[in-house]
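Here the structure is laid out as structure tokens; the discussion comes afterwards.
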Amino acid sequence: MDLKRFWGLRVERRDCERLLEFLRERNLVAKGARFKRIGSGIAVPIERQLTAEETASLALLGIRFEGAEEEFELQEARPRSLHDILLDKLPPHLLASVPRAYDVIGDIVVLELPDELKGCGALVGEAALEVNKRARLVLNKTSDISGKFRVGGYEVIAGKGPTETLHREHGCVYKLDPTKVFFTPRLSAERARVASQVKRGEVVADLFAGVGPFSILIAKKVPDAKVFSVDANPFAIAYLEENVRLNRVEGRVTAILGDAGEVAGNMLRGKCSRVVMNLPAGSELFLEAASSALLQRGGVVHMHVFVEGRESVEGKVSALVERFKELGWGKAEASGFRIVREVGKRSYHVAADIILAGRLAHQR
Ligand SMILES: C[S@@+](CC[C@H](N)C(=O)[O-])C[C@H]1O[C@@H](n2cnc3c(N)ncnc32)[C@H](O)[C@@H]1O
């Protein structure tokens, strides 16, 4: 049997499942190598050493492990990518267009076929099921995320069963249907980052909550935190309510169907120490709403915005800070910002943490 050296993570049995979930979400589990049983735990071979950010996220999740380079047995070779499987089924000019990246949401693969592959949907879909042994259904995205509810258009190209699924992330589980609500696994690290900043007992407004991946993670990980989770999409709120039950955070997360502006300005006025604004396509229209939901002494706003290539990220964040000052905050500053992901050619999803304090008297 062949052996090869990989970076390995040794983990006790109680943390195995959550560590694997974390690694699989990031495609970090080494392909082609076998796990090793070590006493009551296992050693997992990974593709590269963890970054400081990934190590911090695991610490936040309470997952204990030890990392070191060691030898692992190699598995028999098996197809690794859509490209590998389609190698002798598609002509070279079409092979070059096969998607390299796709999302796996629960047991559903979501990919986007370029126009030239539209006639080969079933073939590519079956290949996706072969690569992703646990997947049951493959959806092709037929139109971009759009509209108030931020949902794309989809068609089934392979597999069977409903478009509803159960997705696991950071030890939480989310029931959702990607054809009815927004959801992307690509925000998983950002959710862990925001949740890691929330302190015990905080009251948080999640103004664009979707099916609850920020809200539920915060409620699950931060003792005594309370989250008010607002969304305008009735399907998202119905799933959010179910997800609150599935994750046993009843009484800690309150689902509110409505417009973020109205809810923040009325029901949540002056109640929250933190506001999450994960609507990059429109959060800037809700600065006044976020401001009004904050406590009199202020708090933190996690803004998500899109920044086009020609704008500078720093310029965009400074402009947001200035607009908060205009809304009557004596102190407004960005404690940090980061590019969450690239969303198109030279277009970025940016997260900025903005600290507000010293609300002027006439704003009360
Ligand atoms: C980009 S999604 C984010 C969902 C969630 N935070 C997540 O990480 O999956 C934005 C959400 O905001 C909701 N939304 C859009 N406009 C809204 C508004 N004016 N009031 C409340 N929710 C709104 C959409 O229905 C959608 O679920």
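Values as computed for the structure displayed
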| read-out | value |
| --- | --- |
| Interchain or long-range residues, amide H under 5 Å from GLY152's placed H | SER146 |
| Rg followed by Dmax, in Å, when the stretch 82-163 is reduced to its Cα trace | 12.6, 43 |
| Over the chain, relative contact order from alpha-carbon pairs under 8 Å, at least 6 apart, % | 10 |
| DSSP bridge pairs, the stretch 107-168: antiparallel proportion in percent, nearest 5 | 65 |
| Rg to Rh quotient for the stretch 190-298, alpha carbon positions, Kirkwood Rh | 0.93 |
| For the chain, built as a Gaussian network whose Cα springs stay under 10 Å, the top-fluctuating residue of ASP353, ASP88, ASP224 | ASP88 |
| Alpha-carbon Rg/Rh ratio, for the chain, with Rh computed the Kirkwood way | 0.99 |
| As computed over the stretch 1-147, the Cα convex hull volume per residue (Å³) | 152 |
| In order through the stretch 18-27: 3J(HN,Hα) via Karplus (6.51 cos²θ - 1.76 cosθ + 1.60), integer Hz, x for Gly, Pro | 5, 5, 5, 4, 4, 5, 5, 4, 9, 6 |
| Distance between modelled label sites at GLU164 and GLN296, nm, 7 Å Cα→Cβ extension | 4.6 |
| The stretch 248-321 - convex hull of the alpha-carbon atoms, volume per residue in Å³ | 114 |
| Rounded to whole Hz, the Karplus (6.51, -1.76, 1.60) HN-Hα couplings of the stretch 110-116, x for glycine and proline | 10, 10, 10, 7, x, 3, 5 |
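Every number here is computed from the coordinates shown, using simple stated rules; none is lab data. Nothing here was measured: the structure is a model prediction, and the numbers come from that model. Backbone-built Cβ (ideal geometry, glycine too); neighbour counts: all protein chains shown.
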